Amino acid sequence: MTALLSLTGVTAFYGAIQALRGVDLEVHEGEIVTLIGANGAGKSTLMMTICGNPQARTGSIVYNGADITRLPTHLIMRQRIAQAPEGRRIFGRMTVYENLLMGAEVSGQTDIGTVMEQVFTLFPRLKERMTQRGGTLSGGEQQMLAIGRALMSRPRLLLLDEPSLGLAPLVVRQIFGAIRDLNRATGLTVLLVEQNAYQALRLAHRGYVLVNGAITMAGTGAELLARPEIRAAYLEGAHA
Amino acid sequence: MTALKDAFLSAAVALGLFGPMVGLVTHNAAAGLDLVPNPIAVAVLVGMVFFGRLGMLLWRDRHQGRPQAPNKALAETLTKASRYLTPALLALAIALPFGGSRYYVDLGTLVLTYVMLGWGLNIVVGLAGLLDLGYVAFYAVGAYSYALLAEYFGFGFWICLPLAGILAAFCGILLGFPVLRLRGDYLAIVTLAFGEIIRVILINWVSLTHGPNGISDIPRPTLFGLSFSMDGGEGTFSDFFGIEPETIQRVIFLYYVILALALLTNWATIRLRRMPLGRAWEALREDEVACRSLGIDVTNTKLSAFAIGAMFGGFAGAFFATRQAFISPESFTFIESATVLAIVVLGGLGSQLGVALAALIMVGGLEMLRELLSWLAAQMDSPFFAGIAGELPTYRMLIFGLALVVMMVLRPRGLIAGRDATATLTKQQPVARETG
């Protein structure tokens, strides 16, 4: 099976500071892959580098057989890659409906209504809140909106950056459940960056551990969950 | 007791401020400037501050439990009223010249020019969220485009109007490129500098623009080829309709031209807001990173906002040139940018009706205030007011500034702060049928 997304020896810098030190990573079609790591390990940087902001200094990023390493961000995001960015970043003064429309703006599709119905099936709460301003939603609803907005472009690959950030455990379970349902029903490929290692590894088919900008461990979700060093570093006292 | 102390303190601050500013008036005397003290005016102002502050504090003590109530009521009233306000204002604007007063038509033309500038700047600042302190540059480019094209090539107003818009839009893109990476304060500084650069170029490029002397005898617009010349000869408006030539005909014609231009700006903005481009502007104002993540080309979106905003500034500039028949760099100073920006902020960023109201208040209201103060001064001819009456009209800006401060305290997000959704669904409509 060829990879939908593969990173080879990717390095990235913020000014003079090296944030990624030669990352190799693969995501296959239909998989949920998670990337876990401590604060400042470079998880979000890796996610942003895939999106071309910042661009990788060396190494290559291949998506669907084409090299996207040097493409500008907006062109990468038009190749059926969608991202729900860290901190949700919804459009606060615009309504839920307008937020969702923004997600479909550049994909050039004509059946926006059908896609939106699918999003509403996944997150019925969004339908109830359709005319409300994004900024008035609760944290969990905002995360649903961020994911829903990303789904509006009918992506093949969904990038999720810390969807559990600042949410109650019950809401986190709800959102992770929705991601699993989506993956099973439509075969959507998901790359999930998480600090909530326990939940993320249970959800994912495979996982990578990022330490100081380099991958130190990889394996299936169950394998990683069973490793004593993972338990010690990321799971102590974090059982939900 | 604390309220009394607070009021005394406020009065002391007022005394310190108004003492030199109001209490000492300069007069031209035979041997240079004379200083004339004006203690009554200071006493009145300090007294107003003292009792005003005391009253405010006492009122607040009594209403401590519900401090939000009046503000909310005001907001609701304004929202309700705005539904009837738009058609009422439009009807008033169309009917104004039938009042027959040259003064009001002239004032209306001035107000509408600022309404149009406000709507143009609203695209850049209100919708796209790019703080532009140099909007007057595009006004100047539009005005000089027409004036120069008319002087050197003899072009008429109606040919130059679109050209002025295009040239201003081009300048908007020119400004847009270097500021693409800038945000907030830094963006504001560069746009401010851009406005000054254009003005300095107009002053110093004497061979083309006649520098500080300006350009005079700019031709007036025609109505389908009919000129508004006073000689009443062949091909003039008065000759065609068989009436006596009068200046008021041209004044009213100019009024309707700017009304049409302003409505065009409004219509275009409303249309754009419902289109993907307009929605992208608003999304950009909310969150640039999110826009990138959704595949929106931030560069093009920003440049288009600068270009389209500048284009309407250019139209307004061309109109200004033809109305005044004389322009010089003096007309395009920073204060113009500041006024237009104040109109947009006061109206409520992004609100079309708010901007129109704010322009009416800022330009029309200021003029009305001058009238009102002159009238008041004329009424106060008792000797007790001798010190104040004559000076009253000069307090215009002071009163106006105070009104602006009070307004921003009461409605910090502008007159009309709410934002209308650009896309809505009715309850019965299934989502699947709506395709954006």
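Read the figures in this text as sums done on the coordinates, not as results from a lab. All of these numbers come straight from a predicted model, not from anything done at the bench. All Cβ positions, glycine included, derive from the backbone under ideal geometry; neighbour counts span all protein chains shown.
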What percentages make up the Cα-Cα pair-distance distribution of the protein assembly as shown when the bins are 10 Å wide from 0?
3, 12, 18, 19, 17, 14, 9, 5, 2, 0, 0
Cα-based radius of gyration of the stretch A:94-171 once divided by 2.2 N^0.38 Å, which approximates compact folds
1.05
Chain B, helix-only ellipticity at 222 nm - DSSP H runs n ≥ 4, -39,500 (n - 2.57), divided by all residues, nearest 500
-22000 deg cm²/dmol
Does the stretch B:86-130 classify as rounded, prolate or oblate by the C-alpha gyration tensor (a ≥ b ≥ c root eigenvalues; a/c under 1.5 gives rounded; else a/b over b/c gives prolate, otherwise oblate)?
oblate
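On average, how many beta carbons from a partner chain sit within 10 Å of the beta carbon of a residue in A:86-95?
Mean partner-chain Cβ count within 10 Å for A:86-95: 6.
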Between the residues B:L349, B:L398, B:L89, the Cα farthest towards the positive end of the dipole of the protein assembly as shown, that dipole coming from +1 and -1 charges on the beta-carbon of Lys, Arg, Asp and Glu, is from B:L349
Which peptide among B:234-242, B:346-354, B:166-174 comes first, and what is the full order, when sorted by highest mean count of other Cβ atoms within 10 Å?
B:346-354, B:166-174, B:234-242
Estimated translational D of the stretch B:214-260 in µm²/s (Stokes, Kirkwood radius over Cα pairs; 20 °C; 1.002 mPa s)
191 µm²/s
If R0 is 41 Å, what FRET efficiency do you get for A:R57 and B:M368 from their C-beta distance, rounded to 0.05?
0.05
Dipole of the stretch A:3-235 (Lys/Arg Cβ +1, Asp/Glu Cβ -1, origin at the Cα centre): which of A:Y97, A:F13, A:T136 lies farthest to the positive side?
A:T136
Find the all-direction average of the projected area of the Cα convex hull for the stretch A:1-102, expressing the result in square nanometres with one decimal place.
7.8 nm²
Put a dot 7 Å past each Cα toward the Cβ at B:V36 and B:T86; how far apart are the dots in nm?
5.2 nm
Measuring from label point to label point, each 7 Å out along Cα→Cβ, what is the A:Q109 to B:M230 span in nm?
6.8 nm
Roughly how many debye, to the nearest 20, is the charge dipole of chain B about its Cα centre, given +1 on each Lys and Arg Cβ, -1 on each Asp and Glu Cβ, and no other charges?
1860 debye
What per residue convex hull volume, in Å³, do the alpha-carbon atoms of chain B yield?
232 Å³
Mean separation of Cα contacts under 8 Å, 6 or more apart, over the residue count of the stretch B:103-255: relative contact order %
23 percent
Place a point 7 Å from the Cα of B:Y103 in the direction of its beta carbon; the residues of the stretch B:339-374 whose amide N falls under 16 Å from it are B:364-374
Only bridges whose two residues both fall in chain A count here: according to DSSP, what percent of them are antiparallel, nearest 5?
55 percent
Is any helix in chain B, taking whole DSSP H runs, at least 27 angstrom long along its axis by alpha carbon and on average at least 1.6 on the Kyte-Doolittle scale, and which ones?
B:157-176
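Using alpha carbon coordinates only, what is the Rg to Rh ratio of chain A, with Rh defined as the Kirkwood radius? Can you show the working numbers first?
Working: Rg = 17.2 Å, Rh = 18.1 Å.
Reported Rg/Rh, Kirkwood definition of Rh: 0.95.
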Give the Cα extents of the stretch A:149-240 along the principal axes, in whole Å, largest first.
39, 27, 23
